[in-house]
Amino acid sequence: MPNRIPRVPVREQDPKVRATNFDEVCYGYNLEEAMLEASRCLHCANPRCIGACPVSIQIPNFIGHVVSGDIAAAAAVIAEDSSLPAVCGRVCPQESQCEGSCVLGVRGEPVAIGKLERFVADWSRENGINAAPGTRSEATSRLLPAGQRPDNPPSRGCRGLEDPTQVGPMTAVAVIGSGPAGLACASDLAKKGYAVTIFEALHKAGGVLEYGIPEFRLPKDKVLKAEIEAVKALGVRIETDVIIGRTITIDQLFDEEGFKAVFIGTGAGLPKFMGIPGENLNGVFSANEFLTRNNLMKAFREDYLTPIHAGKTCCVVGGGNVAMDAARTALRLGAKTTIVYRRTEVELPARVEEVHHAQEEGIEFAMLTNPVEILGDEKGWVRALKCIKMKLGDPDESGRRSPVPVEGSEFEIPAEVVIMALGTSPNPLIASTTAGLETTRRGCLVASEAGATTRPGVFAGGDAVTGAATVILAMGAGRKAAAAIDGYLKSL
Ligand code: FAD
Ligand code: SF4
């Protein structure tokens, strides 16, 4: 269905300039631009965009409030279903979800739902709007007066855990991991009045949003921190530097700390390597380590001492969002960077916008190319990536055509640093320290659609169950599990 108003373009930093800094690439809409873009929505009787959103945000409803300039009302609509709108507006793969289903996309360009969500969230934050007053008052109305204990008081705090009785009168629920799955689960449980404590292994909350996705896509202090603070304002307590399975076990959370249910949202942070010769050379990183040094440990900032090495030339192996983030980070640290991917641009799993941004910034793409060896110098440092050319063969079980090596086509790409961005799997620590938790062959936790694991009272969701996926799918899983935990606790 055509629309007479073309999609409103979004302002961005100039590619040449942004390739040398870590400031956010996209500036987002201003009020005037947002209202114009929102006016394109047809308010369909049967809005396909809602069904395609994993957390079912009432999209035409919030967009309608933007059209009339009532941004606070738009924010309240979004807050009913999403606790991280400024994050999702920036990093969700809208082209394959809400925008991919927008009826306007059939013959033209879909409504810029992601950019509108981002605008509403940013505007609310900048104008001090509490996006979820109804839910917050519902949660806070159930708080105990100071000093009053809950019916089932947790017995004692583990390291750093303050008295959870301060959180609320209801049953205590432990959430493990502060990524999108854990934050979404904790928010919904807190809104229902539970006393929720999130345990996070790292020293900062946010999961991949904090340690993986770079500042130039998701500003930490300005955006992420504010959304985490909003979750805390619901009454959620976050305990950092606590590794469940090492600092304290799940059994201890139940038996000694008084928690009545546990949600595991520990993600999939274990990097994969190719198993090719040379992967132990100096200058080979997993994308996780490279990005963690830069994002969580702020290696890009001169006032931090965290070491990082991107070299003058860098190859990043892989084609997903992680590969794009690693490559664009290496570029900003001064390396001439090449992405090495064994299929073609059509099969690149990264978000279209990220690929486009990487190309604009000057990242080179070596497609239909697969590494066979990392070559080193006499001192044990990387000097080149030896690759082989590939061609596409028959489709595999995923429906994608399998890459097949072209015999005798080996060649070298000079590189001082090689970053492997080949995917990740869940860390086995919790499964190996908790009786009764089953895992799949890929190391993912076995859980029902609603998030129930094979151990009663223990629920799970996000990348820990699905393997590496997306922010919004992790949030959706966290929300489903929160509903299941509520049902489980009411049934006890
Ligand atoms: P995570 O975000 O991984 O959070 C898990 C948390 O649990 C971590 O903080 C971890 O420290 C903690 N934890 C682990 N073990 C323990 C333990 N034993 N005790 C206590 N805490 C523990 N998705 C998108 O939708 N769009 C994107 O643009 C995008 N870009 C990405 C870029 C990168 C570099 C990466 C790595 C991923 C990207 N993703 C993207 C994927 C997305 O970030 C993940 O799917 C999502 O974060 C999964 O959420 P989660 O809550 O399941 O796990
Ligand atoms: Fe608006 Fe597109 Fe959703 Fe229809 S499908 S309601 S046009 S955003």
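Could you pull out every one of the strands (runs of 3 or more DSSP E) wholly within the range 246-321 that has 1 or more residues that are under 30 Å from Ile388 (Cα atoms) and within 24 Å of the chain's Cα centre (by Cα)?
Numbers: elements: 261-264, 284-286, 313-317.
Once the strands (runs of 3 or more DSSP E) in the range 246-321 are filtered for at least 1 residues that are under 30 Å from Ile388 (Cα atoms) and within 24 Å of the chain's Cα centre (by Cα), what remains is 284-286, 313-317.
Quick one: in the range 342-354, which of the residues that are of a type in the set (A, V, I, L, M, F, W, C) and buried (at least 20 other Cβ atoms within 10 Å of the Cβ) is nearest to Arg11 (Cα to Cα)?
To start, the set of residues in the range 342-354 that are of a type in the set (A, V, I, L, M, F, W, C) comprises 346, 348, 350, 352.
Retained after the next criterion (residues that are buried (at least 20 other Cβ atoms within 10 Å of the Cβ)): 348, 350.
Details: Leu348: 25, Ala350: 21 Å.
Looking at the filtered set, the residue picked out is Ala350.
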Taking the residues in the range 321-341 that are of a type outside the set (A, V, I, L, M, F, W, C) and under 13 Å from Ala299 (Cβ atoms) as candidates, determine which candidate is surrounded by the fewest Cβ atoms within 10 Å (Cβ to Cβ). Gly334
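Got a number for residues in the range 228-240 being touching a residue at least 12 places away in the same chain (Cβ under 8 Å) and out of contact with any Lys or Arg (no Cβ under 8 Å at 6 or more places or on another chain)?
From the range 228-240, those touching a residue at least 12 places away in the same chain (Cβ under 8 Å) are 228, 230-231, 233-240; that's our starting set.
From what is left, the residues that are out of contact with any Lys or Arg (no Cβ under 8 Å at 6 or more places or on another chain) are 228, 230-231, 235-237, 239.
Of the residues in that region, 7 qualify.
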Restricting to the range 417-458, give me the number of residues that are part of a strand (DSSP E or B) and under 21 Å from Ala474 (Cβ atoms). 8
The condition from (1) farther than 23 Å from Lys222 by Cβ; (2) surrounded by 24 or more Cβ atoms within 10 Å (Cβ to Cβ); (3) free of Cβ contacts under 8 Å to residues at least 60 places away in the same chain that His65 misses is numbered (2)
Pairs please, first residue from the range 268-295 and over 28 Å from Gly177 (Cα atoms), second anywhere and among the aromatic types (Phe, Trp, Tyr) and at pLDDT 95 or above, Cβ atoms under 8 Å, 6+ apart in sequence or on different chains. Glu279/Phe273; Leu281/Trp381; Asn282/Trp381; Gly283/Trp381
Being near ligand 1 (Cβ under 10 Å from one of its atoms) and not acidic (Asp, Glu), is that true of even one residue in the range 412-422? yes
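Name the one entry in Ile57, Ile50, Ile5 that is under 30 Å from Leu291 (Cβ atoms), β-branched (Val, Ile, Thr) and within 15 Å of ligand 2 (Cβ to nearest atom).
Values: Ile50 fails: under 30 Å from Leu291 (Cβ atoms); Ile5 fails: under 30 Å from Leu291 (Cβ atoms).
The match here is Ile57.
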Do we find that Ala469 is farther than 16 Å from Ala174 by Cα, within 12 Å of ligand 1 (Cβ to nearest atom) and under 21 Å from the mean Cα position of the chain (by Cα) in this structure? yes
Determine, yes or no, whether Asp241 is under 30 Å from Asp23 (Cα atoms), part of a loop (DSSP other than H, G, I, E, B) and out of contact with any Phe, Trp or Tyr (no Cβ under 6 Å at 6 or more places or on another chain). yes
If you go through Asn288, Asn280, Asn295, the only one that is of a type in the set (S, T, N, Q) and over 30 Å from Glu378 (Cα atoms) is Asn295
Applying the selection to the range 90-106, what residues are more than 14 Å from ligand 2 (Cβ to nearest atom) and free of Cβ contacts under 8 Å to residues at least 40 places away in the same chain? Ser96
Tell me yes or no: at least one residue of the range 80-88 is within 15 Å of ligand 2 (Cβ to nearest atom) and free of Cβ contacts under 8 Å to residues at least 12 places away in the same chain. no
Could you check Val372 against (1) crowded, with 23+ Cβ neighbours inside 10 Å; (2) part of a strand (DSSP E or B) and say which number it fails? (1)
Residues of the range 78-90 satisfying the condition of being under 14 Å from Pro54 (Cβ atoms) and surrounded by fewer than 24 Cβ atoms within 10 Å (Cβ to Cβ): Asp81
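When you check Arg332 against the structure, is it at pLDDT below 95, closer than 21 Å to Tyr211 by Cα and away from ligand 2 (no atom under 16 Å from the Cβ), yes or no?
On the way: at pLDDT below 95: no; closer than 21 Å to Tyr211 by Cα: yes; away from ligand 2 (no atom under 16 Å from the Cβ): yes.
Spelling it out, it is not the case that Arg332 is at pLDDT below 95, closer than 21 Å to Tyr211 by Cα and away from ligand 2 (no atom under 16 Å from the Cβ).
Looking at the range 199-239 only, could you name the residues that are at positive phi and either over 12 Å from the mean Cα position of the chain (by Cα) or surrounded by fewer than 20 Cβ atoms within 10 Å (Cβ to Cβ) (or both)? Outline the logic, then answer.
Kept after step one, since they are at positive phi, are these residues of the range 199-239: 206-207, 235.
If the condition is that a residue be at positive phi and either over 12 Å from the mean Cα position of the chain (by Cα) or surrounded by fewer than 20 Cβ atoms within 10 Å (Cβ to Cβ) (or both), then Gly235 is the only one that fits.
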Quick check: is even one residue across the range 355-365 surrounded by 22 or more Cβ atoms within 10 Å (Cβ to Cβ), among the β-branched types (Val, Ile, Thr) and part of a loop (DSSP other than H, G, I, E, B)? yes
Which count do you get for residues in the range 459-477 that are within 18 Å of Ile244 (Cα to Cα) and part of a helix (DSSP H, G or I)? 3
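The values are calculated or read from the model by the stated rules, or taken from the named source; none is laboratory data. Quick caveat, the model's predicted, so the values are computed rather than measured. Quick reminder, even Gly has a Cβ in these numbers, built from the backbone with ideal geometry, and neighbours come from all protein chains shown.
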